[in-house]
Structures are given as C-alpha cells and as structure tokens.
Amino acid sequence: MGTRTLRAAFPIAETGFDPAQISDLYSRTIAQAIFDAPLQFEFLARPFRLRPNTLVDLPEVSADFRTFTFRLRPGIYFADDPAFKGERRELVAADYVYALKRHYDPRWKSNNLYQLEGAKILGLSELRRELMAAKKPFDYDRAVEGIAALDRFTWRIRLADPNPRFASLMADVAWAAVAREVVEFYGDDKIMEHPVGTGPYRLAEWRRASRIVLERNPGYRDEFYDEQAPADNAALVAVAAKLKGRKLPMLDRVEVAIIEEQQPRWLAFLNGEIDILDPVPSDYAEMALPNNELAPNLKKRGIRMVRYPRADVAMSYFNMEDPVVGGYTPDKVALRRAISLGVDIDKEIRLIRRNQAIAGQSHVGPGTWGYDPAFKSEMSEFNRAKAMALLDLYGYVDRDGDGWRERPDGGPLVLQYATQPDQASRAAIEQWKKNMDAIGLRIVFKTAKWPENLKASSAGKLMMWGVGWTVNTPDAEEFMSLAYGPNKGQSNKARFDLPAYNAAYRRQKVLPDGPERLAAIAEAKRLVVAYMPFRIHVHRIFTDLVQPWVVGFDRNLFMGMGRTWRYLDLDPQLRASSLGA
C-alpha cells in the first residue's frame, strides 16, 4: 500500500515545540501531534463535547468547582528517546504535575501562565513569587496545596476560587505531559528542538522555518477510530462508518513546508503537492470561491471545501505603556479612538480579506459562549470626519505646516507599526498608510519575521502590531484574557490594565453560565470599546480545500489541526491516478 504521507503547508514559521514555551498557532499545531493533554474535544461531535484523552474518564469535580481529580489510564508510554537510557517510560500522574508546574518556572518564560494564574491553583503563584524574590531556581519538589500526585496514576488540582470551566482548559496542549528526565537531558538550549511525548507522532526532521516532518510513533497506544458524525451530514456519517475500528493514527508521516507567500502555497495545492490547503490564501479566495461557492474547475477535480467562521479575532493592538499611543488620559484615549475610526474596515474586508471575514464589534469572537451577534459598537465604525474632529479637539494638530499632526505638547507624532515581509502583510500596511495619511497621522513600518515580532511584543517593545487570536475552548474567557491586566506580556499584548475591566473579568470567571455572567462579559466589552487598547478588525471566515484522496477531513475549531491528523487517511491509488503517476 506504500507509505501514507500527508503534505501540508504553514504560512508562518514555527518557533519550537516545547509546550511550556510555545504560544503561536503553528508551533502548537506540531505539538498537538506529539504531546497528549489529559482531555480532548470529540473530533466530529456538534455541539462540541469533551472526552478523556489519556484519562479513564472525565475528571471528578467537586460541587464548589474548586477541586478536580484526574485518573490516568495505565499503559501509556512516551516515545523512545535517549533521555530514557533504553528503558520504556510509562506515563504517570507526576508527569502532568511536573508539566503544569513548568509554566510557573520563570526559566521557561511561559506565554500561557496567565491561564493557570487566572485559575488560581493554590500555592503555585505564591511559590513562584517567593523563589523569584529570593533569586532561587524553581523548586519542583516543594509540596503545594494546589496540585499533587495522589498515587502513580491519580493527581488532584485545587483552586482558590470556583472555576466552572476549568476542565475544558485541560484539553489544551500547553498542559500536555512532559517527562522531567527529557527536559533535564536536553536542557534550556535544546528542549525546543527535542519534543518527546506520548502522542501518535514524533519529530523526524526539522529544518527551521523551512520543513517539519513527523513520523508515526511506533509505541503509540492502541486507539481506534470511533467518531460520531452529526446526523445531518450524510457524507461525514458515511466516512465515520467506513473508518470505524481503524487503528490510529492512519497516516504514517506528515510533511509540513513553510511557504510564507500566498502564490506558491496556492500553486502547490493546485499541483497536488499539498493535500490540505489550510486555509485558502485570501488573494485567491475569489478565484477558488466565487460567490463563496467552490469553483467549478476545482469541484470537477473532486476537491472539497470546508468553510467555517473561526473562533478568533484579527486585531491591531496599541501598547498601553508606550509614550505615544499608550495611557488612560482623555487625550490618549482620543488618539486611539481616532486611529480606529480612521481604519476603513469595509475596504479591508473587500480588498485584503476578499470578503472572507465579518467586521469585529468586540474582542469576543464567534463560536463561543458569550458571543453576541447582535452587539454593535464603534469598534467597527469607519468615520474620517469624526476621527479628525477628535484629533483636533484634543490638540493633535499640524502646527508646523508640514501636513502631519503633532502631539498636544508640540512634539512629533509618529506611529510605528510592526509588520512581516510577506505579501499579505505588505497589502495590509498599504491600507494602514492610506488610512492614516487621510487623517494626517504619520505612520512608519518596522519589518521583521513573525517569531521576532512575537518575542518583541511579549517584551512590550512594539508600539503597534497586527495579530490574530484563536481560542481553544468554546467559551469567551480566552478572549476576555486579551485585556486582563495580570496577563501583560502573555495574552495581553496591549498591556492594558484597567481596574474596572479586571473586576469584570474576575467576576465572570467564577460565575456559572447564565445572565449574570453575560452581563459581566458585556460590561468588559464596553470598557474595551471605550478605552480602545486594540482595534478589533474582523472575525475571519476560513475555507480549507481538501484533495479528493484525503479521507475523513473535517474542521474542529477547538481541536487544532495537529490533533486532526490522527483521524485522517489517504487513498494512495486515487492520489496516483489523479496526479498521473
């Protein structure tokens, strides 16, 4: 039958594969295929449902939503690695405890720590602060009340406050099991290059920013396809029935090329060199999807499309600690609001995004509990007259007659926007330039590779940057984290820190789903619109294209493509005949 190799492409380079250090989508995608979180979302189930991954059952949850007990399934093993010195290493509860504690260790600079600190696991934040103050290394062996292995296969997490949605958080690859001896064997410099997990794949080859190859983990546990497709999707029901009982993973290899420019990525798919185009590049959306329907020439080839609104936001943030655009005084708020009002979002959707997006009204995206499609705000408004009136009112006027506005104190006003050297970014900043020129604001652009911008952003060194944010659970809380003060440098790239917002965030976090929680979320959204720490541009609509020889593909918004690969198969004969091989 030959080797079943799936070929994919990323538009942005990865940063590495250590769950404690990564936060970008593409590194996480690879990690999802290598590592195991304790829980997962069912692949095809709609509405989305949690199920055990490495556990025997869903965690036991106390009535007050403060204590969560996890019971691990015995007989799961890490992939073979020199760190284990020839022994077969079984997954145990202590591995999950260790992996979670790593996020509190300043050594790893976790970008996901905000989620755990927001959950208030008893004792861990206090231990982190104590050891940092004493300038001592993190003590993994110090007992804390909030997390402990009770026996070889059981661990417990205790929280300071109720958290009704904490279990869903445990489906994220950030908390996947990592063996302590692997981390100690490879050390700080090499652990990003040597991911060793219990998942279906292992890293076989990595050429940074160029090529990533995964191969089947020969020691992967016995797992078999048993997915339940929605009854109203006859095609998926048929595929699920066909694949039922197949041992996972069905693919032998996954080869990922980093292709940053849209044209070569599009041509690679048309030529059959890529099996899944995830997603259709925006420049080619009208060609591939006229009137948002699959083009007849693609349909004739048996290519399928899977179209979906992603649970995400695309935004430009302002660094609230920057002396030019940051701050909470009326003049600084007016500047950010004016910049936002000067962005022609309809033109962006038409020209840049090729109608594959809807205007964003708030930082809470679709597909999540708490999203309100009826909510409208200034966030999506384009009004140059209003923008210029705001600037005039607060003293941002052209004093020297050079055509550019100065700051109220007469100092120069230059906006600096970080960007990347790819075609899509170039098109986006061209629109930014036209928009800002029209209201008299000088804007310059600082170009760097995406991983470099991410690093600078986390350190608070960028004035403005455009980023996307995709959530991993069907709930508004991860979106809310974008503006929560304690999350500065992690999810909160804007470094926004408003007491009223922080209070609304904390209030919604402990409440069960219902009207009271919705009211807290609505209050938080209004505060973000009022202070404008970021300009939400759009919620993106994505379309994946799938070659006819790929079997079983569907899109699960809260699983991630790296987890999806294990449920796919290929038809090598159809591939060969389609490509004329």
Suppose we keep only residues that are under 14 Å from Pro19 (Cβ atoms) and surrounded by 18 or more Cβ atoms within 10 Å (Cβ to Cβ) within region 108-153. Which one would you say is farthest from the chain's Cα centre (by Cα)? Trp108
Give the number of residues within region 472-505 that are at pLDDT 95 or above and surrounded by fewer than 17 Cβ atoms within 10 Å (Cβ to Cβ). 4
Being in contact (Cβ under 8 Å) with a residue 60 or more places away in the chain and basic (Lys, Arg) is the filter here; which residues of region 58-86 pass it? Arg66, Arg71, Arg73
Please verify whether Asp105 is open to solvent by 20 Å² or more (accessible area, probe 1.4 Å) and either hydroxyl-bearing (Ser, Thr, Tyr) or more than 21 Å from the chain's Cα centre (by Cα) (or both), treating the condition exactly as stated. no
Just one listed residue, out of Thr3, Thr54, is among the hydroxyl-bearing types (Ser, Thr, Tyr) and open to solvent by 10 Å² or more (accessible area, probe 1.4 Å), and it is Thr3
Those residues of region 185-195 which are open to solvent by 20 Å² or more (accessible area, probe 1.4 Å) and free of Cβ contacts under 8 Å to residues at least 24 places away in the same chain, in sequence order: Asp189, Lys190
Residue hits (region 404-439; part of a helix (DSSP H, G or I) and among the basic types (Lys, Arg)) are Arg426, Lys433, Lys434
Criterion first (farther than 18 Å from Ala94 by Cβ, of a type outside the set (Ser, Thr, Tyr) and modelled with pLDDT under 95) does Gly187 satisfy it? no
Being part of a loop (DSSP other than H, G, I, E, B) and under 22 Å from the mean Cα position of the chain (by Cα) is the filter here; which residues of region 266-325 pass it? Asp278, Pro279, Val280, Pro281, Arg310, Ala311, Asn319
Here is a check on your reading of the model: is Ile12 β-branched (Val, Ile, Thr) and farther than 29 Å from Val144 by Cβ? yes
How many residues of region 452-471 are touching a helix residue (DSSP H, G or I) at 6+ places or on another chain (Cβ under 9 Å) and either of a type in the set (Phe, Trp, Tyr) or open to solvent by 30 Å² or more (accessible area, probe 1.4 Å) (or both)? The answer is 5
Taking region 14-43 and keeping only residues that are open to solvent by 10 Å² or more (accessible area, probe 1.4 Å), aliphatic (A, V, I, L, M) and assigned to a loop (DSSP other than H, G, I, E, B), one is left with none
The residue that is nearest to the chain's Cα centre (by Cα), considering only those in region 429-442 that are open to solvent by 30 Å² or more (accessible area, probe 1.4 Å) and closer than 27 Å to Thr329 by Cα, is Lys433
Among residues of region 381-415, those that are within 29 Å of Ala524 (Cα to Cα), open to solvent by 30 Å² or more (accessible area, probe 1.4 Å) and in contact (Cβ under 8 Å) with a residue 60 or more places away in the chain, counted: 1
Tell me, please, whether a residue that is modelled with pLDDT under 95, among the charged types (D, E, K, R) and part of a helix (DSSP H, G or I) can be found in region 350-369. yes
Collect the residues in region 440-468 that are of a type outside the set (D, E, K, R) and in a helix (DSSP H, G or I), keeping them in residue-number order. Trp450, Pro451, Asn453, Leu454, Ala456, Ser457, Ser458
Residues in region 416-428 that are surrounded by fewer than 19 Cβ atoms within 10 Å (Cβ to Cβ) and at pLDDT 95 or above total 1
Selection from region 235-257 of residues of a type in the set (Gly, Ala, Ser) and either within 24 Å of Ile274 (Cα to Cα) or within 26 Å of the chain's Cα centre (by Cα) (or both) yields Ala235, Ala240, Ala257
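So that you can scan it fast, the table gives a plain yes or no per residue for (1) buried (at least 16 other Cβ atoms within 10 Å of the Cβ); (2) under 19 Å from Tyr201 (Cα atoms):
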{"site": "Phe224", "(1), (2)": "no, yes"}
{"site": "Ala235", "(1), (2)": "no, no"}
{"site": "Ala238", "(1), (2)": "no, no"}
{"site": "Lys242", "(1), (2)": "no, no"}
{"site": "Lys247", "(1), (2)": "no, yes"}
{"site": "Arg253", "(1), (2)": "yes, yes"}
{"site": "Gln262", "(1), (2)": "yes, no"}
Complete set of residues in region 70-102 that are more than 29 Å from the chain's Cα centre (by Cα), small (Gly, Ala, Ser) and open to solvent by less than 30 Å² (accessible area, probe 1.4 Å): Ala83
With respect to the numbered conditions (1) of a type outside the set (A, V, I, L, M); (2) in contact with a Gly (Cβ under 9 Å, 6 or more places away or on another chain); (3) in a loop (DSSP other than H, G, I, E, B), which one is the sole condition not fulfilled by Lys332? (3)
Take Gly219 and decide whether it is of a type outside the set (Ser, Thr, Tyr), free of Cβ contacts under 8 Å to residues at least 24 places away in the same chain and in contact with a Phe, Trp or Tyr (Cβ under 7 Å, 6 or more places away or on another chain). no
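So that you can scan it fast, the table gives a plain yes or no per residue for (1) free of Cβ contacts under 8 Å to residues at least 60 places away in the same chain; (2) under 22 Å from Leu498 (Cβ atoms):
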| position | (1), (2) |
| --- | --- |
| Pro281 | no, no |
| Met287 | yes, no |
| Asn292 | no, no |
| Gly302 | no, no |
| Arg307 | no, no |
| Ala314 | no, no |
| Phe318 | no, yes |
| Gly326 | no, yes |
| Gly342 | no, no |
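The values are calculated or read from the model by the stated rules, or taken from the named source; none is laboratory data. Keep in mind that what you see is a predicted model, and the values were worked out from it rather than measured. Don't worry about glycine lacking a Cβ; one is built from the backbone with ideal geometry, like all the others, and counts go over all protein chains shown. We work out accessible area using only protein heavy atoms, side chains counted, and drop any ligands, DNA or RNA first. Shrake-Rupley method; radii C 1.70, N 1.55, O 1.52, S 1.80 Å.
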